[in-house]
Every structure is written in structure tokens, then in C-alpha cells.
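All of the numbers you see were taken from the coordinates with simple rules; none came from a lab. Given the structure is predicted, the values throughout are model-derived calculations rather than measurements. No Cβ is skipped: glycine too gets one built from the backbone with ideal geometry, and neighbour counts run over all protein chains shown.
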Amino acid sequence: MAEHITFSRRGAFAGLALPGRFGQAEGPAGLTVAVRTTVAIAQVVARPGRTDEVSSAVAAAMGLTLPAPLRVSAAGPVVAAWTGPGRWLVMQDEAGSGPYPAGSFVGRVAEACRGAASVTDQTDAQGVLRLSGPRTRDVLAKGLALDLHPRAFRAGMAASTLCGMVEVTLWQTDDTPTYDVAVMRGYAGSFWHWLGESAAEYGLVVAPQDDARAGAG
Amino acid sequence: MTTPQRPLPASHRLSAGGLIDRSARVAFRFDGIAYEGHPGDTLASALVANGVRLVGRSFKYHRPRGLLAAGPEEPNGLVELRDGARREPNTRATAVELFDGLTATSQNRWPSLRLDLLGINQIAAPLLGAGFYYKTFMWPAAFWEKLYEPLIRRAAGLGRAPIGPDPDRYETATAHCDVLVVGSGPAGLMAALTAGRTGARVILAEDDFVLGGRLLADDLEIEGRPARDWAGAMQAKLEAMPEVRILRRTTVFGVFDHGSYGAVERVADHVGQPGPHQPRQRAWQIVAKRSVLCAGALERPIVFGDNDRPNVMLAGAARSYVNRFAARPGDRAVVATTGEDGGRTALALQRAGINVIAIADARAEVSRSLQVIADHAGTRLLAGSVPLRAHGHGCVQAVDLGRPDGSGRQTFDCDLVVMSNGWVPTVHLTSHLGGKPAWDAMAGAFLPGTLPPGMAVAGAAAGRLSLDECLTSGAFAGLEAATAAGFDGTAVEVPRATREDQDRVALVPTPKPVGGGKAFIDFQNDVTSADIAIAHREAFRSVEHLKRYTTLGMATDQGKTSNLNGLALMAALSGKTPGEAGTTTFRPPYTPVAIGALAGVHTGKAFKPTRLTPAHGWAREQGAVFVEVGPWLRAGWFPKAGEDWLAACNREVAAVRAGVGICDVSTLGKIDVQGPDAALFLDRIYANTVSTLPVGKVRYGLMLREDGFVFDDGTVARLGPEHFLVTTTTANAAAVLGHMEHALQWTWPTLDVTVVSATEQWAQFAVAGPRSRQLVARLADPGQDVSNEALPFMGAMPLSLLGGVPGRLFRISFSGELAYELGVPSSWGDALARALMGAGRDLGVVAYGLEAMNVMRVEKGHPAGGELNGQTTAADLGMGRLVSPKKDCVGRVMATRPALVDPQRPALVGFRAVDAKDTVTAGAHFIDVDAPATTANDLGHVTSVAYSQGEGRWIGLGLMKDGPRRHGQRVRAWDGVRGRDVLVELCPPCFVDPAGDRMRG
């Protein structure tokens, strides 16, 4: 029979995002990275011709206005990012809500859509990083072709693009500025390598992970 | 070589002036000798200040060469900078900012710069003219690679590449702006200011490490104060503007589509080693709504006999050395000019304490202003005179001046000849998108023609040479650019500056120098006026032919100082104007760019992103050897101590066939298909029928391309009435998703279906072997039934495991054994692998890799990459019956084309080596036993091979004409590439359990 072993969930950046200071050790760190390990992610894809119906259904059921193209929206703990015509990532940070939170949240989103959209669980398909600090834009400029100048990209805006040659969905959460970046899980290692190299010049702080469910590292 | 411990004080440093920091000293070495300079020096200016005149040997003739210029156009002063893995050949000494500890070595000399034995080439010079390589090394052809080329390369090399890997980091970055200003001379500074004042986002890129352009080199005044101070004040103003970004040490090297510009910033080239975590260089992609090119102009040399003697220098360069760097290039100078520039030069030299012996002015009439200067300096002014020939070895010692026809020749002793033959606007960037520069007879130069979209040109680059014109044109161009980018302009105030008289004539080279000697046009490539004449005589007259035949304008400087003279001479010989002759095409980069800078951090293993499965770390701990499959790394085999790949593979296969093994199949594409029309959609996508599949069942799916050939295969699982999960091969995952999206968006937009990739969401393991059910059952949470009755072959069910992880269990088999695929959300993939290995220890569970998986699928006759090669039909693979005749699908019609249903098409067949000792290789051709191995006798080829322990020999699959009808016969598997010729016996393509009892058990 099987031995009794406790198995743990490993987020996309487990073993990569080790807390500490890296790169330039002097002065304030240019970039701070926090791994958001507890974000449940539902991908909502409107069925052909039913985008408006999805929007009103989600608004009615969850109080969330699905965002317009290139935007994010939020209602309480739920955040939605536009990723393409009729497509959104609808997310909720489920810190502290039990061991397998994703299923219930994704189910709730699917219910809210009432068949007007296909909803798939992508919680484990993405690793989400929160980037902040005075040199965040300079770091991102090394891998992202988008213009993040405040005149061009503000809090509440989102983009699905390539960063460091890796597919990401990125949105700005505030004007300090802070960005959340969702990275395709399989490429987390390559993205982390690019991020570390690009931030080294300014100094990089990796914040301790916020939840025990992140597992070892 | 003796090396003094303490460098001598710089012998040719002026006692005052210059933009150097005299309070600090910078030690450096050139050819092993220690020297000192100051911050603010370039390597070239520090050499000048130390009296070093000889900096290199020429490319072909090994003639001694000195500095011609003071900027990026320098053709002669190419050095190897730094040592070891940081050694960088062909670095222009004029573009190297001096740093403490700098070491540089002259190139192209052997054994030393002063004593160069290959200078013998000068004596053989008549043999080395234009087209020399083409004419001499023609025969025999075999000699080229082995003898001629190595010989030429050794004799004529341009520096040595470093051997070791580059120890420095490079990176790439993107910047966006409303207005990009290229160059920070008077025009560029004004353009940046007027654009910046509108609030536009401005990037000012300057190649040099100080802003100011020619304001640094020339003694000019703006608003009644020294122009250099004005430049400093402008810099302060620009730096105070939050939306203006100044990039110094940054060369804009290319213009690309959609307002995109390539630039390289030398972040740490001016220090010995980059600081910790600092990149050496950064390649920028600058995206600009508008740009203003203020790249200035390059001076045109005078072509005369032996004009390449060291210290025959461009006048602007000499002014730069004395004014900006307080370095005296000589003591007794002759100024050769074609216009008013000569007077300004003579004044500058004289102020620096250089004795100006004579001024030769090519203009026939005596210029009154030059006469005043000459009288004041006590110098002879020779109107209507040109330099005829330079004398001296190692350094110029005298120059003959006289009339252009050679008469009135007089010799003047001197150690410096400065020449000024007008200015050539730096129009390179205007041509990068195909615009042709336009010849302007009045300016005697090519000016910008059709400009790239969004670009404007100001200052000397637009042919406006006078300081006041530079300021005015820059100011207006900057404002216009900002306005065009959507900003409101304000009134422009242009600072006052004196108008500089630009009166001059242009000296066009003659085919043969009147004064004798060799008259160089292209210093870097040793192209003389005689070479241009040869090219003309031999009919290589188009400018593009001229370039290739003579090498005019090639190599690192791309003809910056030579193109106009060469083209003007060819035009004159051809009876054309330079405008009619045209110019060669300017292409990026403007100056050489290190490939490393363009690659940035994406080098070595990070060259492209690597995709890893959720259990990659576990596989690495198990000692897996990984193989690349597209972007993925997959475990190929898990060798134990002493095992090679085959031994490991055999052990893994044996363990699976006898017990149980697990294999990470997370890389297979997974597509979630939902909607009321999902079944209908999949019926159209797959060749076989999907709609009849019950919920909770899995079916093999074969997909055709539009052209009727097989595209991909995989499984289709029905999770709900309107919900399917389909898998693809690893290689085709993205292509299949794209194919489905195309079909939905374009072919059948009315179908109510969506497709979404679920590949990254699920970690999936194959659990295969007679004990696989036992193992799966041990992981299942209580109350879950995985018995044969609950989950028969080709069944699918949700499975809660590991104490609540929501998984999916599919009873499918690629190995031919009782087998499952078990999926869990990716975050649990690592845990699943460890749980399977832990729970199966007493069952003898092994981890198996791609190789073992391949062996088992070959033994089972499943087609994979070798068979699904894009050239096979369903019938070729023995799956013709799968293509449902009852419904339509993508590729159905095209699959019925005659060539696709030809019974003679090679079809899938199995084979085994007759002799158990023989190895068969994929790619071998099937040839009849007695037939010679010719194309005509080719029957098909081997697509997959495997060592089968069950068969005790190598077996395989192949595509062979009449293969299915020749089971039991013997043919040869002939591999001409690897020299193998093996007898094989044909058989049905299934070697294990043909009835399928094991997987159904």
C-alpha cells in the first residue's frame, strides 16, 4: 500500500521565485516581485454572437462588468481582464479559502454565464506575478514591445502580448505603477530567467510567498 | 619590446583648453606601450596627444596609416580593443572613449607596426589592382579553399575575433516617443528643445559621449558666447524636461518599418569591465511617431598622390583634435582646401600653436578672407593650388603643392597636411527604407531624397552647413515633428549665430594622380583612383558593380569617406554627373553592431523560451535525459548507473510490459471543445465520426488537412453532451488549435462552439502495464471505482485522488498494455509523479521516457511523427476505413484525388531484421533483394525503428509500394548515407498482441 506522504501543490513559479534580494545589492530595489499563488482563473469565451449576453449575465450574477477591449475591471475580489474579442480571464484571489478553491470559483463563473459562454479552468495554466517598484517600467521595456508610459497605458488597462519572448497577459493595477502578469505555466522558467536578468541592474526583491499552499519554495 | 613603467607626459597636449578633465589621469596601453590621457579623451585623441602618428597598416598593401578622421567615419585607426575573451577587433580608435587600463593593439601588421614584412605587397602592388582576386585565384578551383583563401586572409585580415565566449551581458529594450532626434549637434539640440517644449515625448540619441556635435570641435559662438557652453546649457535645459530622454553613447543604426528605429547604447564600453549586473551594451528598438535626422555631415578627402601618409588628415578632424581634445596633431602644417573652410582651419591650428606653412586653395581667385588670415598668420596662400603628392615614410614629411595640371610644383616640409574638400551630408538613415539620395549640383553632394515616413532632416545632414542654418532648420524641424505628432507648437526663438561662408569648389579625383604615387580613394579597402579607372575600363561601371569589383565602400566604414570621391570619378570617366551615376544602397547598420547586443539575454540555453512540464523537476531528480520536442523538453530515458540509452530503454520497456510504468504525457495538446454544436463540429474536423461517441467514452481521432493528407491524430473524450476534450500530438498542438479556430471563424462561423487550449492546465501521466489498474486504484480517493466494469477500455471518468485533487482518468493505451492516462491540474503534476512512484514501489513501477514509449508504439504499429509526415493518406497508414463515408469532413473531397487513391502508393508495413545482429536505421530505402540500389528500384523507406526485446532484434515500420501485399517477403533496407544494407522480412505492422486482449483486459 501507499506510504503516507503529504503531497503539495506547486505553483508555476515554485522553486524559481525564492524570496530575497537579487542583482544590484545597493540602494532601494528597482523591482519587487510577489508571486500570487492563490489566484483562481476562469477563462470565459463567449459563444458566437453572445458577447453582450455574457456581459449582462455576469453583471447580474456577480456584479462584475466585463471589461472592454484592452481593459480590466474589478468587483470586490473579482478581477476580469480582456484577452481577445469575447474572451476574458476572470480571476479571484482565494487566499485562505481552503485547499481546492479553483473549482468552486470557476463553477460560479460558469453558472453566472448561463451557457452564453464556455468557461474553462485555467488556474493551473498560468503563474501570476505582481510587479512593482520604481524601475518596473524600465524592466518591462526590456522584454515588452508595448508602450507603458502613463499617457499610453494606465491602471485599468490590459494586454495579451509577448514579454521576454513568452506569452503573457498583463494588466496595470495602480499608478505607482503596479502590474500583474499572468505567464503561461510551461514558460515560467524562461520568463523568470528573463525577468531576473532584466531586473539585475536595478536590484530585485522577491517577496515571501503569501500562502502556505505555494508549497516548497 | 621595452615597456616603460611610468608613461612619459603627453608630448603633444596643449597647455590649456579642450573638453578634457586635466585633474584626472587615465592610463592606457597601445601596442604594449604605456601612455596617459585624460577623461574626455578618445583613444585616438590620446594617441595624438602622445605624439603617436602611426596607428595601423592598410588592408591590402600594408602601407603605414595614421588617423584620417576624429569620428565614427575613421577608416584607418582600427584597433583590437581589450584582451582575451573581451578582445574586439576593428574598433575605431576615434570612437573609443578612453578608460583607465585600456589596452589596444594595432591590426594587420606583422611582426610589428613599424617593421611590417608584408609591406612587400607595396612592391607587388601592380599585381594587386581591382579585380585581382577574381583574376588571379581562378584556377585550379580546389586551390581556393585550401591555399588561396587562408593565405589572403592571413595577409589581409582585419583583426582577430576573440576565442573565448563573451563574458559580458547584453540586453535589448524598447522605447517609445513622439519625436526621435538623431544627433545632438546644433540642429539636434534645437530640434529636441522645440519638440520637448510642446510636451512631446522626445528621445535625443547621440553617438558621442558628449552632446554638441561640431560645436565641440569648432571655435564657434552662439548668442555671443562660446558654442560649447551653449551646448552645455542646452543639455541642462533638456535634462530638466521630464518627457525628454537623452541617450548618449547611442548610435541609431537603422530605420525599419512603422516608425521603428534600431539603436545601440554602449552602456559600459567606456569602462574596463561593466559594473556588477550592468549590461555592456543595450540594443534599443525605438518606436517614434516622428523623427528628425540631425546626423551632420562627413568631410570629403582630397585624392592626390600618396594621400594616405600618416598625418594627412581631414581638416575638421584636425580642428576637433586641437579644439575639443587639446591635442596637437603636428607642429608644421599645410592646409589644402577647396573653400572658406581652409581659413577657419588655419586659424584653429595657428591658435593651437601649430605653424601653418602654407594654404593651398583650389579656387582660382584669391579669397580675400583667406588672404587676411594668411597675412595675419604669416602664411603663404597659394590660390588655384592643390596638393600633388605627399612624401615621407611612417609620417608625412613634406607635400608638393601646385596647379591641378601639375605645373608650379613646390615642396613644403611639414609634419601635418590637413585637407578640406567640402562636406558630405550623412544621409544613410534616409535611405534605409529604399529612398534614393538626390544629387544637388549646387551643394556638390547627395542630399536626402525620398524620406522614410515620419522623418525630417535638419542641419548639415540636409546640406545646411552654416551654424545659423543648423540652428534654424533644427528648431523648425523639431517643432514641426512635435506638431505632426499631435502637440501644440509654441513660437520658435532661434539663437543668433554668425553665418559661415560656405564658398568652395569641389575637387574630383583624376584617374591617375598628376603628382605621381598612389592616390587613395577608399583608405580602409586600399582602393585607388587607378582601381576605379580599371573598373571603368573593364566595364564595371554601374555603382553597384564598381563596389563589388573594387571593394570600394565595403567593410566596417562602408565608404563613409570614400563613396563620393569614387562615384564622382566613375561618373567623370563615364561622362555622367554624379546624380546620373547614383550611389550604392545604404543599408543598416550605419556603423557595426555587435550581434551579442541584438541577441540580448537570449543566448545559449535562453536562445528561445523552453517549455517545461509540471513534473520536470521530478524527472530531473530521477536522472532523466531530456530531448527537445518543439519548445518542450521531454524525458527521453531514465538511465541507471552504467546504462546507455538503449539499456535504459530496454529496461523501461520490459518493466512496463511485465509490471507498470509511468510516462509524462503533459506535452500532448489538449483542446477543450464546448457548445451545442461541438459534436457536429468535431465530425467535420475529424475524418471519423465523433458525434456517436457516448458521454464518458474516448475515441481515436484522425484529422485530415484541406488537401486530403493526414494532419494529426489523437483522442477525443466526451466529458458531457456538449463538452469534449481532444488531444493532439505534441508537435501539432498549436497548429491544430489554429486549424480549429480557422474553421470556426471562417468556414462555419454559425456553429455554436468554442475551442480553448487546456494544455497548460493539465498535467497528464500515462500509467501503463498489467499492474496499472492496481496502481491507479491506490491513488484514487475512497469510493472511486476504477474496475474494468466501471471503466472499460476507451472509457473516461472524473477521478478524485490524493485526498481531493480533481483529476480525470482515461483508459487509453499507446503501448498496447492495459493502460490509463491520468490528468490532474498542473500544480499537482509534480505531486502526482511522486505519488505514483511511491505507491507503485512494490509493484515495480518505473518511470519511462520517449524512447521506451516509441519502442512500444512501434511494436504496436501506431503511426507517429515518421508516418504522420504530411505526405501520407489515411489509406497509406492502413486507416482508410476510418474515413467515414457517411459525413463530410475537412479534406474528404481532396483525399479522393487520383494520386491520393493510387493503389501503387507506398503503404504502411512492418518489418523485422532477418539477422538478429543487424541494426536498421530510419530513412533506409526498401530495395528488392537482387535489384541494384537505384532510384528506379526504390520501393519506399523505413519510417521508424525500434529494438524489440520480444522479437530479439530490430524491427520497424515503413512505407512501401505493395507493402501490405508482400508480408512474409524479404527486401533490403539500404541506407547509403550510413553505409548499411540489411536484409529485412516484411510483416503486418503490429508485433505485440494483435488481438488487443491486453489493453482490453
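As a rough footprinting exposure proxy, the listed residues B:HIS941, B:HIS742, B:HIS616, B:HIS176 were ranked by other beta carbons within 10 Å of their own, and the order from fewest upward is B:HIS742, B:HIS941, B:HIS176, B:HIS616.
So how tilted is helix B:341-351 from the main axis of chain B? Cα-based, degrees 0 to 90, rounded to 10. Long axis of B:341-351 versus the principal axis of chain B: about 80 degrees. What residues from the range B:789-803 fall in the zone where the backbone N is under 19 Å from a label point 7 Å along the Cα-to-C-beta line of B:ARG881? Correct set: B:794.
The angle between the Cα long axis of helix B:186-197 and the longest principal axis of the Cα atoms of chain B comes to about 60 degrees, rounded to the nearest 10.
The simple Förster model, with R0 at 22 Å and r as the Cβ-Cβ distance, assigns B:HIS545 and B:ARG587 a FRET efficiency of 0.80. Note on chain A: with a GNM built from Cα contacts shorter than 10 Å, the maximum mean-square fluctuation among A:SER190, A:SER160, A:SER118 falls on A:SER190.
Once the Cα atoms are used to define both axes, helix B:563-573 deviates from the longest principal axis of chain B by about 70 degrees. For the range B:572-666, the list of GluC sites (Glu not before Pro) that fall in a loop by DSSP and count at most 16 other C-beta atoms within 10 angstrom reads B:GLU643.
Restricting to DSSP H runs of at least four residues, report the calculated mean residue ellipticity at 222 nm for chain B, -39500 (n - 2.57) per run over all residues, nearest 500 deg cm²/dmol. Please list the in-between numbers first.
Values: 22 runs with 202 residues, N = 1001.
Computed mean residue ellipticity for chain B: -5500 deg cm²/dmol.
How far apart, in nanometres, would the label points at B:ALA931 and A:ALA75 be if each is projected 7 angstrom from Cα along the Cα-to-Cβ direction? About 7.2 nm, to one decimal. Taken as Cα centroids, the range B:558-593 and the range B:770-844 sit 73 Å apart, rounded to the nearest whole angstrom. Based on DSSP H segments of at least four residues, each scored -39500 (n - 2.57), chain A has a per-residue ellipticity at 222 nm of -6000 deg cm²/dmol.
Each residue, B:ASP644 and B:ALA24, gets one label point 7 Å from its Cα in the Cβ direction; the gap between the two is 6.1 nm. Working from label points 7 Å from Cα in the Cα-to-Cβ sense, the A:LEU18 to B:SER787 distance is 5.0 nm.
In percent, how large is the relative contact order of chain B, given Cα pairs closer than 8 Å and 6 or more residues apart?
Worked out over chain B, it gives 9 percent.
Here B:CYS990, A:CYS163, B:CYS414, B:CYS294 are placed in order of increasing Cβ neighbour count within 10 Å, fewest first, which gives B:CYS990, A:CYS163, B:CYS414, B:CYS294. Ranking of B:ASP997, B:ASP712 by neighbouring Cβ atoms within 10 Å, starting from the fewest: B:ASP997, B:ASP712. A Förster distance of 56 Å, applied to the separation of the beta-carbon atoms of B:ALA161 and B:LEU983, puts the FRET efficiency at 0.65.
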